[in-house]
Amino acid sequence: MTRPRLAFVGAGWIGSARMRSAVQAGAADAAVVADPDEEGAARAAAEVGCAVVVPSLEAALQQPLDGVVLATPSALHARQALTAMGHGVPVFCQKPLGRTRAECARVVRAARDNDLLLGVDLSYRHIDAFRAAVDTVRAGAIGRVYATDLVFHNAYGPDKPWFTDPAQSGGGCVIDLGTHLVDIALWALQTTTQSVTAQLFVKGEPLTDLARSVEDYAVAQLTMSDGASVRLACSWFLDAGTDAVVDATFHGTDGGVSARNCNGSFYDFECNLYRGRSWQRLVGPGDDWGGRALVAWADSLSVGAGYDPRIERILDVAGTLDLIYGRAS
Ligand SMILES: NC(=O)c1ccc[n+]([C@@H]2O[C@H](COP(=O)([O-])OP(=O)(O)OC[C@H]3O[C@@H](n4cnc5c(N)ncnc54)[C@H](O)[C@@H]3O)[C@@H](O)[C@H]2O)c1
């Protein structure tokens with residue numbers, strides 16, 4: 001296979017952006033664009049020179065394909081991934097892969113049983129600043145990490161109604177933003193989550209019924225299996241005084257390191273190393289990271305890769321989110 005022929009299912013904001021990135025990088029061909037929004041799909045397809053536009057995943061699967069890229073409302077991901085893999089087609093899915101650990105596990109099992117490459121767009125793993133922070137922690141350069149602070153306030157959005165409908169989103173800011181932070185923390189710390197206490201709010205009131213509304217503010221205290229502490233705070237529409245506040249800071253016995261956004265940006269990040277009251281810049285902003293996870297998956301596909309067991313780490317992330325939501329994992 002040279003360039004994999006991909007179906008892009010869901011051609012909204014992130015779907016069309018990722019499709020442009022993959023095609024412009026020469027990593028894949030857009031064989032089909034599938035979206036019930038005919039106009040949006042046609043516009044996105046035209047941008048990458050794709051001639052086939054269909055209204056659904058099922059119609060896309062009638063075409064000759066090497067893979068499917070899902071960027072639909074979150075609650076559809078697991079079901080659509082299972083449908084695609086049921087046709088023997090590898091899947092790259094936007095995060096979250098599923099609404100719960102159990103749902104994610106069904107998808108991972110289908111990928112493993114059918115030896116299909118499954119990828120998830122954990123895009124923050126591909127940002128140089130987060131990589132540098134994780135490498136610093138894993139190299140032991142700040143000693144034993146006993147405390148981690150994770151923050152993701154998206155004051156700007158989200159701006160589509162489906163995000164606040166639990167039936168379509170599967171949850172609020174925790175599943176939307178917390179997924180990235182928990183993934184980064186588990187990757188850096190190489191441990192698992194033992195227990196969680198959390199508070200979820202919607203419009204300033206405690207969230208009492210997950211089936212009726214979604215959280216727009218969450219704070220959680222995680223105790224890890226090695227006894228370390230991880231604090232998580234995330235939100236939508238917070239009066240943060242800027243578009244976004246994103247920060248993963250690791251405190252160790254010999255120093256600290258943080259990856260964080262610059263000047264409220266969703267795109268620019270830096271990594272700084274802390275020793276006492278001094279600090280040193282490890283990575284500055286200006287990194288073009290958006291399409292990297294998809295390009296890496298497409299590159300693996302092009303050399304014939306099948307199931308990659310590293311995807312199973314997504315289950316620890318989903319299990320941690322279950323605990324934050326108060327569900328037994
Ligand atoms: N990895 C990341 O950093 C990142 C960033 C942004 C969004 N996301 C995820 O991407 C997903 C999409 O988010 P978005 O902001 O692009 O939303 P969006 O609303 O802009 O796009 C969703 C698209 O899916 C289409 N759609 C709905 N039902 C469909 C179906 N049954 N089949 C095919 N298409 C269908 C809609 O018409 C729309 O065009 C979400 O799950 C979100 O969490 C991930």
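Taking only region 30-57 into account, find how many residues are open to solvent by less than 80 Å² (accessible area, probe 1.4 Å) and part of a helix (DSSP H, G or I).
Number of matching residues: 7.
Which is assigned to a strand (DSSP E or B) and of a type in the set (D, E, K, R), of Arg310, Arg281, Arg327?
The match here is Arg281.
Here is a check on your reading of the model: is Ala228 open to solvent by less than 70 Å² (accessible area, probe 1.4 Å), more than 14 Å from the ligand (Cβ to nearest atom) and hydrophobic (A, V, I, L, M, F, W, C)?
So Ala228 passes the test.
Can you tell me how many residues within region 58-85 are acidic (Asp, Glu) and either within 12 Å of the ligand (Cβ to nearest atom) or crowded, with 24+ Cβ neighbours inside 10 Å (or both)?
1
Go through region 1-29 and count every residue that is away from the ligand (no atom under 12 Å from the Cβ) and open to solvent by less than 20 Å² (accessible area, probe 1.4 Å).
Summing the residues that are away from the ligand (no atom under 12 Å from the Cβ) and open to solvent by less than 20 Å² (accessible area, probe 1.4 Å) in region 1-29 gives 5.
Quick check on this structure: which one of Ala305, Ala228, Ala248 is among the aliphatic types (A, V, I, L, M), more than 18 Å from the chain's Cα centre (by Cα) and closer than 25 Å to Ala141 by Cβ?
Ala228
Tally time: how many residues in region 213-271 are of a type in the set (Asp, Glu) and either in a strand (DSSP E or B) or touching a Gly at 6+ places or on another chain (Cβ under 6 Å) (or both)?
6
Do you know which of the residues in region 120-160 that are closer than 19 Å to Trp13 by Cα and among the small types (Gly, Ala, Ser) is modelled with the lowest pLDDT?
Filtering first and then ranking leaves Gly157.
Hey, does region 188-206 have a residue that's modelled with pLDDT of 95 or more, part of a helix (DSSP H, G or I) and of a type in the set (Val, Ile, Thr)?
Checking region 188-206: not a single residue is modelled with pLDDT of 95 or more, part of a helix (DSSP H, G or I) and of a type in the set (Val, Ile, Thr).
Restricting to region 259-299, count the residues that are within 12 Å of Ile127 (Cβ to Cβ), within 16 Å of the chain's Cα centre (by Cα) and among the hydrophobic types (A, V, I, L, M, F, W, C).
Count: 3.
Do you know which residues across region 131-186 are within 12 Å of the ligand (Cβ to nearest atom) and touching a His at 6+ places or on another chain (Cβ under 9 Å)?
Once the filter is applied, which keeps residues that are within 12 Å of the ligand (Cβ to nearest atom) and touching a His at 6+ places or on another chain (Cβ under 9 Å), region 131-186 yields Phe152, Gly170, Cys173, Leu177.
The values are calculated or read from the model by the stated rules, or taken from the named source; none is laboratory data. On a predicted model such as this, the values are computed, not experimentally measured, just so you know. Cβ coordinates were reconstructed from backbone atoms using ideal geometry, including for glycine residues, and neighbour counts include every protein chain displayed. Side chains included, ligands, DNA and RNA excluded: accessible areas come from the protein's heavy atoms. Shrake-Rupley method; radii C 1.70, N 1.55, O 1.52, S 1.80 Å.
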